[in-house]
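**Q** Sharing a structure below in structure tokens format, with a few things to ask.
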Amino acid sequence: MQRVSIFTTDIGGARSEPFVHGDTTFVFGQLTCEGPVQLVEGSPRAFVDWLLDDCSGLELTRRLRADERMKHAHITIMLDSDDAEDRRRALAAGADDYAVGPLDRQAMLDRVLAQFGVDRDAAGERQLSLGDLTVNIGSEQARWNGERIVLRPNEFRVLRFLAENPNRIFSREELIAALGKAGDPEYLRTVDVWIKRLRAGLRDVGAHELLRTVHGKGYVLDTP
């Protein structure tokens, strides 16, 4: 079962229930002016409001195109009205499409499914590099200085998310939300197990100093 992220700047929409279509699960996530707050999976889609509290939809679109995680995402800007000049500006900023908003869960899904499979994204081939650390998204493998880091799927997802957001402290709650497990209190205890296993995998290849615990705050992956 593959997963595809649908990100939206609408808080209510970001809390929508996942949708299963064939062998694909579409999961919703929140998009802020700083970018996605959850793990980016599959060939992502983004629905961006024209006006936001901290930036404009045009500026956020430009930021997404510069973000390695989202530069190939299919981006739809939600206009306040069907204005020809606003449509032109949206496409010039890097959007793929536009719509007069707001769009509810079903409307977003209709648009995603209508063009699903016509992807610009090569997410399966994407590779992150941080010094001697490489994280291959498609094969779900990580290496330190060429040596494979042996990890289970959940530990790999934690490492991938931290590698996509280096030098930033994440609490257990934030990690759980980022991995799409929010709402299940059992996972708050499980995240400690994931971190322990991830730390063991890093230690086996001599990269134990990458992952740091910040007392009372959470965990951070330091740039090598």
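The values are calculated or read from the model by the stated rules, or taken from the named source; none is laboratory data. Model, not experiment: these values are computed from the prediction. No Cβ is skipped: glycine too gets one built from the backbone with ideal geometry, and neighbour counts run over all protein chains shown.
**Q** Go through region 106-149 and report how many residues are under 22 Å from Leu58 (Cα atoms), among the basic types (Lys, Arg) and either modelled with pLDDT of 90 or more or part of a loop (DSSP other than H, G, I, E, B) (or both).
**A** The number of residues fulfilling the criteria is 1.
**Q** In this structure, is Leu39 assigned to a helix (DSSP H, G or I) and not basic (Lys, Arg)?
**A** It is false that Leu39 is assigned to a helix (DSSP H, G or I) and not basic (Lys, Arg).
**Q** Being buried (at least 20 other Cβ atoms within 10 Å of the Cβ) and not small (Gly, Ala, Ser) is true for just one of Arg160, Arg172, Arg203, Arg197. Which residue is that?
**A** Among Arg160, Arg172, Arg203, Arg197, only Arg160 is buried (at least 20 other Cβ atoms within 10 Å of the Cβ) and not small (Gly, Ala, Ser).
**Q** State whether one or more residues within region 183-192 are aromatic (Phe, Trp, Tyr) and either assigned to a loop (DSSP other than H, G, I, E, B) or at pLDDT 85 or above (or both).
**A** no
**Q** Can I ask one more? Among the residues of region 42-60, how many are without any contact (Cβ under 8 Å) to a residue 60 or more places away in the chain and in contact with a strand residue (DSSP E or B) (Cβ under 7 Å, 6 or more places away or on another chain)?
**A** The qualifying residues number 6.
**Q** Looking only at region 68-90, which residues are surrounded by fewer than 15 Cβ atoms within 10 Å (Cβ to Cβ) and of a type in the set (A, V, I, L, M, F, W, C)?
**A** If the condition is that a residue be surrounded by fewer than 15 Cβ atoms within 10 Å (Cβ to Cβ) and of a type in the set (A, V, I, L, M, F, W, C), then Ala84 is the only one that fits.
**Q** Does region 4-14 include one or more residues that are surrounded by 21 or more Cβ atoms within 10 Å (Cβ to Cβ) and more than 14 Å from the chain's Cα centre (by Cα)?
**A** yes
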